[in-house]
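The values are calculated or read from the model by the stated rules, or taken from the named source; none is laboratory data. Just so we're clear, the structure is a prediction, and the values are computed from it rather than from any experiment. FYI the Cβ positions are ideal-geometry reconstructions off the backbone, even for glycines, and counts take in every protein chain you see.
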Amino acid sequence: MKRGEAYSFRRLLAQMKEGLITNNPIFVQLLGMCPTLATTTSLVNGLGMGLAATAVLVCSNLLISLLRKVISREVRIACYITIISGFVTAVELLMKAFFFELYGSLGLFIPLIVVNCIIFGRAEAFASRNPVIPSVFDGLFTGLGFTGALCIIGFIRELLGTGKILGRAVLPGYSPAVIFILPAGAFFTLGFIIAAVQKFRNVRSDRGRFARLSNVSEISGIPSTLRVVDENYDDSEFIDDGSNSAPSDPDSDGEFELDFYPDDDSTAAYMEAWAREEAASSGSADEAAGDGTQSNAVPVSETEGFSAEAFIDG
Amino acid sequence: MTFAPITVRGLFLLMLGAVLTENFIFSKFYGCCPFLGVSDKPDKALGMGMAVTFVMTVSGAVTWAVYYYVLVPLGLTYLRTVAFILVISVLVQFIEMFLRRFVPALYSSLGIYLPLITTNCAVLGAALVNIQSGYGFVPSVCYGFAAGIGFTLAMVLFAGVRAKMEFADPPRAFRGFPLTLIAAGLLAMIFSGFSGISFG
């Protein structure tokens, strides 16, 4: 994005869809598992944790983006940790002052937002390379995606584990399955939700594979997790399942690095597109190429979109 | 600063609790990222677990000292999160340099895991638990060590489970991460059985 250029509404929508759905930090990127598993014993806890992390994410993305030309590459990790932990302390003190009950039930997971991979990942992958406005929105939507995922898990666990929603009994005659509010239930619930997400994406990618093979060979601008690259469809590739869940494949050796430097191809694609736009504006020769990529990318990524509501109901 | 004196029996129960009933992974969920990420091979799991145990023990001592000798006298206890994470990241760097220089054998087995530990919430979690529970110096160090042992136990057990899972043929949607989570849930059920033990 060029300096002074207006932040387009279309980019905002693309970022929103990416943060909330197609690149959801929990269900797709599989980051930040500790708070996800620990704080979702009820809907309120999940919501509180999510909003606290969102607040930190927006503030840290803002500041890191502002300082991105000041912070040198070598000391960036220490700088990010300091910035993030400063905001976490602020959020912790605010919650202690105004939401003491919630603060008590979330326990140590408020200070532990400092080591949340999602916040660090967005700082590294997005805020340190992009202007302020996109960075703030990136933090906001990623945070809201995190919050939404926590709320879904919290809702399911509270409903099945206690038969209540927000402390009110909603299932008369239901005898609660206490396992769902125990630690084991956290693993089970998240496991089944992610299986559902993978099922959904498998179905989509199978459908898209045959539809798209004929006309588009190389697509940029959509997340690698959704991109269909292989020309020769072959069932045997599903044995390692790498094509559908690139960042999630727990057997890959680089898996743990992903927690620090998420394999964020979508961000890379954005940056590539902006770089091309800038090049196009300086030298008009490349303009056709830049426009071509955009018009290619947008309709394809729109077909990839799906609504959260449809997914939850299904 | 005065701390309640702790008996050997109390210390033992504290450590046993930290390993089994209050297991960092299965009851508190501290350190789930490496638990789910690095637990695919038993030797890797053991290496990571040992590295975490080592850092947790040392950081338990150092953060305790920082808190009671620096932050409390200066009245800056509310900055403990900032201070601890910085201390831990510096400490991990030092440990890495020290091991590379003086204990190359240990470095070659733990070295690659050390940089990952800075942002492991188990280490920061243990440091914060020590302060929150008001443990003295010895219990803090012992608690860090025992929690690390509990972490290692969980990692190695789970790596064994996952090694068996390689031969399973689950439905396509469950392959990879979901199955890992469900296996972890089953192990968590086993560990929740320990909470029935009461240490009278």
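Within the range B:183-200, the set of residues being surrounded by 21 or more Cβ atoms within 10 Å (Cβ to Cβ) and either over 22 Å from B:THR53 (Cα atoms) or at the interface with another protein chain (Cβ under 7 Å from one of its Cβ atoms) (or both) comprises B:ALA184, B:GLY185, B:ALA188. Quick check: is even one residue across the range B:166-179 farther than 21 Å from B:LEU91 by Cα and away from every other protein chain (no Cβ under 13 Å)? No: zero hits.
So, of the residues in the range A:182-192 that are among the hydrophobic types (A, V, I, L, M, F, W, C) and surrounded by 19 or more Cβ atoms within 10 Å (Cβ to Cβ), which turns out to be nearest to the chain's Cα centre (by Cα)? So that I can check it myself, show each step before the final result.
So in the range A:182-192, the residues among the hydrophobic types (A, V, I, L, M, F, W, C) come out as A:182, A:184, A:186-188, A:190, A:192.
Going one step further and asking which of them are surrounded by 19 or more Cβ atoms within 10 Å (Cβ to Cβ), we end up with A:182, A:184, A:186-188, A:190.
On the way: A:LEU182: 26, A:ALA184: 24, A:ALA186: 19, A:PHE187: 19, A:PHE188: 21, A:LEU190: 15 Å.
Restricting to residues being among the hydrophobic types (A, V, I, L, M, F, W, C) and surrounded by 19 or more Cβ atoms within 10 Å (Cβ to Cβ), the top hit is A:LEU190.
Go through the range A:93-118 and count every residue that is part of a helix (DSSP H, G or I) and at the interface with chain B (Cβ under 10 Å from one of its Cβ atoms). Of the residues in the range A:93-118, 11 are part of a helix (DSSP H, G or I) and at the interface with chain B (Cβ under 10 Å from one of its Cβ atoms). Considering only residues that are more than 14 Å from chain A (Cβ to nearest Cβ) and outside any helix (DSSP H, G or I), look in the range B:47-103 and name the one that is farthest from the chain's Cα centre (by Cα). Across the range B:47-103, the extreme among qualifying residues is B:GLY75. Filtering the range B:4-41 to residues that are assigned to a helix (DSSP H, G or I) and more than 14 Å from chain A (Cβ to nearest Cβ) leaves B:VAL8, B:ARG9, B:GLY10, B:LEU11, B:PHE12, B:LEU13, B:LEU14, B:MET15, B:LEU16, B:GLY17, B:ALA18, B:VAL19. Residue by residue through the range A:129-154, note down the ones that are of a type in the set (S, T, N, Q) and farther than 26 Å from A:ILE71 by Cβ. Result: A:THR147, single match. Checked against (1) surrounded by fewer than 22 Cβ atoms within 10 Å (Cβ to Cβ); (2) assigned to a helix (DSSP H, G or I); (3) of a type in the set (A, V, I, L, M); (4) in contact (Cβ under 8 Å) with a residue 12 or more places away in the chain, A:LEU171 meets all criteria but (2).
From the list A:ALA38, A:ALA52, which one is away from chain B (no Cβ under 11 Å) and crowded, with 23+ Cβ neighbours inside 10 Å?
Values: A:ALA38 fails: away from chain B (no Cβ under 11 Å).
After applying the criteria, what remains is A:ALA52.
Among the conditions (1) under 21 Å from B:LEU36 (Cα atoms); (2) within 14 Å of chain B (Cβ to nearest Cβ), the only one that A:LEU160 does not satisfy is (1). Residues in the range A:124-141 that are in a helix (DSSP H, G or I) and either touching a Cys at 6+ places or on another chain (Cβ under 6 Å) or not charged (D, E, K, R) (or both): A:ALA125, A:PHE126, A:ALA127, A:VAL132, A:ILE133, A:PRO134, A:SER135, A:VAL136, A:PHE137, A:GLY139, A:LEU140, A:PHE141. Restricting A:ARG227, A:ARG209 to those that are part of a helix (DSSP H, G or I), at pLDDT below 80 and not polar (S, T, N, Q) reduces the list to A:ARG209.
Count of the range A:25-47 residues, restricted to those that are under 24 Å from A:ILE165 (Cα atoms) and either in a helix (DSSP H, G or I) or under 16 Å from the mean Cα position of the chain (by Cα) (or both), is 13.
Scanning the range A:48-92 for residues that are part of a helix (DSSP H, G or I) and more than 19 Å from A:GLY143 (Cβ to Cβ) gives A:ARG73, A:GLU74, A:VAL75, A:ARG76, A:ILE77, A:ALA78, A:CYS79, A:THR82.
Residue by residue, here is whether (1) modelled with pLDDT under 90; (2) charged (D, E, K, R); (3) under 21 Å from B:MET97 (Cα atoms) holds:
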position	(1), (2), (3)
B:SER108	yes, no, yes
B:ILE112	yes, no, yes
B:THR119	yes, no, yes
B:VAL123	no, no, yes
B:ILE149	no, no, no
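Criterion applied to A:GLY145, A:GLY154, A:GLY121 was being assigned by TED's automatic domain parsing to the domain that holds A:VAL75, crowded, with 21+ Cβ neighbours inside 10 Å and under 12 Å from A:THR54 (Cα atoms), and the one residue passing it is A:GLY145. Only residues that are out of contact with any helix residue (DSSP H, G or I) (no Cβ under 7 Å at 6 or more places or on another chain), more than 26 Å from A:LEU31 (Cα to Cα) and touching a residue at least 12 places away in the same chain (Cβ under 8 Å) were counted across the range A:174-206, and they come to 1.
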